[in-house]
Every structure is written in C-alpha cells, then in structure tokens.
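The values are calculated or read from the model by the stated rules, or taken from the named source; none is laboratory data. Only a predicted model underlies this, so the values are computations on that prediction, with no experimental measurement involved. As a convention, Cβ positions derive from the backbone with ideal geometry for all residues, glycine included, and neighbour counts pool all protein chains shown. Accessible surface is based on the protein model in full, side chains and every heavy atom, while ligands, DNA and RNA are left aside. Shrake-Rupley method; radii C 1.70, N 1.55, O 1.52, S 1.80 Å.
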Amino acid sequence: MTLCVVSGSGNSPLAALIGRELGVTLSACNVERFPDGEFRPTVGALPDADVYIIQPTGPPVNDHLVESLLLIDACRRAGAERITAVMPYLGYARQDRRDEAGQAVGAQVIARAITSSGADRVIVVDPHTSAIEALFDVPVEMLTAVPMLAEVLDEHIREDSVIVAPDLGAVKLAEHYGSRLDKAVVIVRKVRQSGSEVRVEEVIGDVEGRPVVIVDDMISTGATIRAAAKAVVARGALSDVVVAATHGLLLPQQMEGPRFPLIQRIFVTDSLPTPSTADVTLGVVSIAPLLADAIHRLHHRQSLDDLLMR
Ligand code: R5P
C-alpha cells in the first residue's frame, strides 16, 4: 500500500507540516463549495492507497464534520485500500452522554457517521473523554499531547507550582501532567450553567502562596479557565496563572474587561488553526511530529503504545 496524506480545510498548515515530517507530498484534493453551502470534494485516484485524511473538526464544527464525511467517501470511491480519519480535535466529543432527558448523544451520532462513510480507523488527540472509543465500531487511536506540552511547561513554570484540574473531568489529565512535571494536583469542582457560563463550587487542595498551572483538554469560550483562575487566586494562589490545553478554540467573546484576567500565559497545540489572541500571550506547540510518528507507525503496522493517552 502507498502512504497518502489528504488535507481537508480544517487545518491545512498542520497537514502541510505532517506531510513534511513524513516526507510525502499531500495528495491532490479540491473541496468546492456550492453557493448554497454544500461541499463537493474531488480527490485524485488512490488505488491501493493507505490514506490519512487530516481534518480536525473545529469551528465551524458542522461544516468541517460534513466535509470530513464527504472526503472519507471520496477517498473510498477513489480506490483507497485503507482510510484513517485523522481528527486531532473531534467536535461533539463532549456530548458523550445525555445530561438531561430529551438530549441526543452527539458523540455517538458523529461516530456512526464517520464509520459509515468508510473510515477504517480514527486518530484523535486528548479527546474530552476516552469513553468515545466505545462509540466507534472501528479502532480509535487516542494520542496524547501531554508529554509535548509538559516539556514546554517545564521551562516556564516554577519549582513550587501546582497543577490545577479545572473540573472533575480533567483530573486524569492533571494527574498525567502532575506525574510528568512532579507537581501536586489541586481539583476545582465546576458546575456548567450554560455553554458559556460555569460556576465553581469548591477547590480541593492547597494553593496558598503557590503559582498555579491550569490544565484542560480544550479551551472553548474560556469560561472554565477564567472561573478556575479566579477561584484559586481567591484562595491565595499567585495571580500570574499559566494555562495549558491541547485544543485552543479560544472563541471570541463579547465581554467587558480583559478576556483572560489573572492568566499570564496560555499554551496550546496546533491541533486547530491558531486563533488571534492579542489579549493573552499564547505559546503554540506543534503536534505534527506526534501525528506523523503515529501515521508512520500505523502504515508500517507498528505499535502506538507509548504515544497513547492513559
Ligand atoms: C469540559 O468539561 C471541557 O473539559 C472543558 O473544560 C470545556 O469544554 C472548556 O470550555 P469553555 O472554555 O467554554 O469553558
């Protein structure tokens, strides 16, 4: 099988970096957009190809998702032997269960759609929950960017820093950072009130006089990290908070005052195109080497064990 890399429009700079790391030219692919908003992708012939489609489904999530499904189908019809959907950021992964009666399980709906379009395997990076694996009928490789982000953090944080999980769902991730950086973990108990509002109920652990590093899988509106920073500073933490998150959506917010008060610096990966952030110092770590390594190993049927999320 020939290794082929196809880029959707979700993050073409990342796809170009992956292609460069692998030493392959990206396969021809054109995505036409019709006046009514429909997409029509066209790919070249892919006989006997082992195809990796690079398409994170960040905002606009629904467009990138539909484009992804169509690309998978186009590659299948163009003769691809094996198709891997490389979706470092997977939109809808937060909807892995119903919070209230009457809701959908969005993550399962998109998992079914991706599988039935023809994907043989999916690669994601630090998904919101590892529970998404069970929603797919094909293997899901859940890579982690924590070692890469921790290495960069190590150069920027103080010896006495503590790692803060901004909600219960981030505890495992925070423990992973804590063990890599040899730092204690403090937990914030958050309640989400709406898509853009959260409330902190409790801080579990001691932050008095300590620098803190808030870690999360993603920053969407920024409400979670804002609330966590405010809560830990109110309990005595130093007010130059550092944040690390794998996926930096950093959606623009209409609000008065600074968007990230108390936050001195945010580190994210390039899983999504880097947003404009004049109001905070942003450090971007590329996951292209991680994804290229995973693609190389899958193509050669080697183990990904040491790259996977624990
Ligand atoms: C939710 O539980 C996730 O882990 C993140 O904490 C959350 O999605 C971040 O969203 P926002 O920045 O809008 O608070």
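Observations, loosely collected:
- Helix 61-77 axis, angle to the chain major axis (alpha carbon atoms, nearest 10°): 30 degrees
- 0 to 90° range, to nearest 10: angle between helix 12-22 axis and the chain longest Cα axis: 70 degrees
- Solvent-accessible area assigned to carbon and sulfur over the chain amounts to 47 percent, based on a 1.4 Å probe.
- What the Cβ-Cβ distance of T42 and V138 gives, at R0 = 22 Å and to the nearest 0.05, is a FRET efficiency of 0.35.
- Full extension of the chain between Q264 and D306 gives 11.9 nm of extra length, using 0.36 nm per residue less the Cα-Cα distance.
- If R0 equals 41 Å, the separation of the Cβ atoms of E208 and M255 corresponds to a calculated FRET efficiency of about 0.90.
- With Cα atoms as the point set, the radius of gyration and Dmax of the chain evaluate to 19.8, 62 Å.
- Environment charge of I53, counting only residues whose C-beta is closer than 12 Å and scoring Lys/Arg +1, Asp/Glu -1: -1
- Scattering curve values for region 1-69, log₁₀ I(q)/I(0), Debye with Cα scatterers, q = 0.14, 0.20, 0.27 Å⁻¹: -0.43, -0.83, -1.26
- Region 28-172 - convex hull of alpha carbons, volume per residue in Å³: 151 Å³
- Computed from the alpha carbon atoms alone, the convex hull of region 146-285 holds 97 Å³ per residue.
- Put simply, when 105-112, 276-283 are sorted by average Cβ atoms within 10 angstrom per residue, most first, you get 105-112, 276-283.
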